[in-house]
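Chemist: Let me begin by handing over the structure; questions about it come next.
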Amino acid sequence: MSKPSESSNRKGGLISLRRMARLRPAAPWAQALYGLAEAGAPFVNVIFPAFLVNQLTSGAPARVVWLTALLTVLLNALAFGVKAALGRWREYETEAVVRAWRSMRGKKFLNMDFSALEDGEVENLRQNVYQNEDNFGAVYGLLESLKESVRNLAAVAGALATLVVMLASTPSSGQGFIHGPGSMALVMGFCLLSAALVFMLQMRNGKLMPGLMEQLARTNQRGGYLIGSLLDNYPSGKDIRIYGAAPLVNRQLKDMLKSFGPMMRKMFALNLTPAAAGAITSAIMGGLIFSIVGLKALGGGLDPGSVVWFAGSVQQFSAGISALVFALGDLNVGLSQTSFTEQLMALPDTLDSGHAPLPESRAGGYELEIKNLSFRYPGSQEWVLRGVNLNVQAGEHLAVVGLNGSGKTTLIKLICRLYKPTEGSILLNGVDIQTLDRAAYLKLFSVVFQDFKLFSFGLGENVAANPDYDADRVKRALQRADASGRLERMPLEQPLYRDYAEDGVEISGGEAQKAAIARAIYRDAPFVVLDEPTAALDPLAEQEVYARFGDMMQDKTALFISHRLSSCRFCRDIAVFDQGSLIQRGSHEALLQEEGGRYAQMWNAQAQYYQ
């Protein structure tokens, strides 16, 4: 995945704006209308006070003066009332579109192929998305700069319009440069030159900032781990306290903050240059404006009201030009930041979804045949599996054993189509599983992985993996998984864990494992895959699960992975893996008879601890 160019970043950002408009059509309008309200409100205090001053100095009737003053107050109240209402609407729409944006991102990851999620380049992209958008507020920043761009563009246009009206309605009574159009041209020219200077500095920042923000993203990733996974994570607190690891964590935190400082100083320096240039030119502009206005007034070229009008309008124009340049620069940075999400959204959801229907079930169910299967993870040259041939008959209970790293769990992931074989194929009743409809194929499997995940939702929702569940069926699944005790007494609506609900219950590892087994039972799929299903259970609970294994599996095809060979004896067939290859297969008794065989070696090594 190559690093995107500046132009592609900007293009991706523009696509993001259109995507935001589709997610929440009112959001861009809320930004634009609030920007217009912010730009328009100050002009009430530019134009109407000018009328009021002229009326006071020209001896207008008191009634007219009071009406003008009242109108000014009412228009101020109306302008700022509308601005406040639009501000609330903008806040609501901003939060709504940010929530929709993050939800869209999450759904994308949810729909992507599992193997893509573990790809290093996709992970780097994910980090860039989260760091740029969440830590640096790219979506918020993009919406804010959109509002600011509209606001300042309107302010500049309004200032020019009022200046044209004022000059057309105020006859010149003086001569020379100050009273002619040259002074006006000088002011406008200086405004444009200062804006061009600030714009060039902002564009330079736009080129330098992405690289700096990428460095900051990596530093923030470290900070997120240190603070989120260690300091703010109570399970980590046990090991930190028992092993006295606080100095280690503090040292890492100190090093992270030390590397964070120089980058923040660079970012401050980058932002300071255009800000300082804008402040200096704005100060010069202010002095120039009021000097010209004063000279015009002294020469009789402006009446008192026009002085207020002229000075206020030119000041609005100057401030608007400067702020518009900053807003456009921020908009450029915001477009660059959201382009990472566009790269993410452009990735395919699945690598190979397949469309063929499932083959018809034969007498007894489905048969799996693994032919010349080899696999290595993306970006790796190391073979995890090599030349595996294995047949699993319908209704068969097969134990898969081997040392750590022998490829057992990877084989299961390939069978479940979480990965695609590098070489070879897996057949379901003679049909390559890669050609089958993915969703239909996955419904054939109930799986309990060693690193299974329960959700911080209700117990019933966890077992059914669905918000709509059959309560009686959930209870039966828990009973068959031997989830007696607290789980059996717990209401099915009871949330698990506390990171989603305040009244969540922290369950033990053994309870969680039984709930995961109950989830596999509830699904009632023809294939059941158990990867170290009793690792968190005590010996008595483990023995009970094994005793009930036949009832749980009934007439299903079962693949059982375990390091504890004693737990494999209830399987009539055992497959032994070593260094990615299938080296033995047979019953427990037959494998023990193979002199010097890997299974006998592992069995004898484990058995000595139980003698």
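The values are calculated or read from the model by the stated rules, or taken from the named source; none is laboratory data. Not measured: the values here are computed from a predicted model. Please note: Cβ atoms are built from the backbone with ideal geometry, for glycine as well, and neighbour counts cover all protein chains shown. Accessible surface areas use protein heavy atoms only, side chains included; no ligands, DNA or RNA. Shrake-Rupley method; radii C 1.70, N 1.55, O 1.52, S 1.80 Å.
Chemist: Convex hull over the alpha-carbon atoms of segment 391-459: what's its volume per residue in Å³? Before the final figure, lay out each step's value.
Modeler: Details: hull volume 10.2 nm³, N = 69.
Taking the convex hull of the Cα positions in segment 391-459, it is 148 Å³ per residue.
Chemist: OK, next. Which order do the peptides 423-435, 391-403, 514-526 come out in when sorted by mean C-beta neighbours inside 10 angstrom, highest first? Can you show the working numbers first?
Modeler: Working: 423-435: 16.2, 391-403: 19.5, 514-526: 21.8.
Peptide ranking by packing, descending: 514-526, 391-403, 423-435.
Chemist: Could you order the peptides 578-585, 492-499, 360-367 from most to least packed, using the average number of other C-beta atoms within 10 Å per residue? It would help to have the intermediate numbers written out before the result.
Modeler: Working: 578-585: 17.5, 492-499: 15.8, 360-367: 13.0.
The packing order, highest mean first, is 578-585, 492-499, 360-367.
Chemist: Give the relative contact order (percent, whole number) for segment 353-406; include only Cα pairs under 8 Å separated by 6+ residues. Don't skip to the answer; put the middle values down first.
Modeler: Working: 55 pairs, mean separation 17.5, N = 54.
With pairs under 8 Å counted, the relative contact order is 32 percent.
Chemist: Moving to a separate point now. Could you pull the accessible area for residue 445 with a 1.4 Å probe, rounded to 10 Å²?
Modeler: That residue has around 10 Å² of solvent-accessible surface.
Chemist: To make sure I understand the rule: partners must be aspartates and glutamates, Cα under 18 Å from the Cα of residue 108, and not fewer than 8 residues away in the same chain. Which ones qualify?
Modeler: 118, 119, 121, 123, 133, 134, 342, 349, 352
Chemist: For the pair residue 498/residue 65, report the inter-label distance in nm, with labels modelled 7 Å from Cα in the Cβ direction.
Modeler: Spacing of the two 7 Å Cα→Cβ label points: 6.9 nm.
Chemist: On a 19 Å Cα-Cα criterion, which of the cross-link pairs 413/475; 371/420; 475/514; 413/443; 408/514; 413/453 come out too long? Please list the in-between numbers first.
Modeler: Details: 413/475 29 Å; 371/420 14 Å; 475/514 12 Å; 413/443 15 Å; 408/514 22 Å; 413/453 15 Å.
Flagged as over cut-off: 413/475; 408/514.
Chemist: If you rank 474, 447 by how much accessible surface each has, with a 1.4 Å probe, what is the order from largest down? Intermediate values should be presented prior to the final figure.
Modeler: Working: 474 0, 447 45 Å².
Sorted by accessible area, descending: 447, 474.
Chemist: Further question on the same structure: Any chance you could look up the accessible area of residue 24 with a 1.4 Å probe, heavy atoms only, rounded to 10 Å²?
Modeler: 70 Å²
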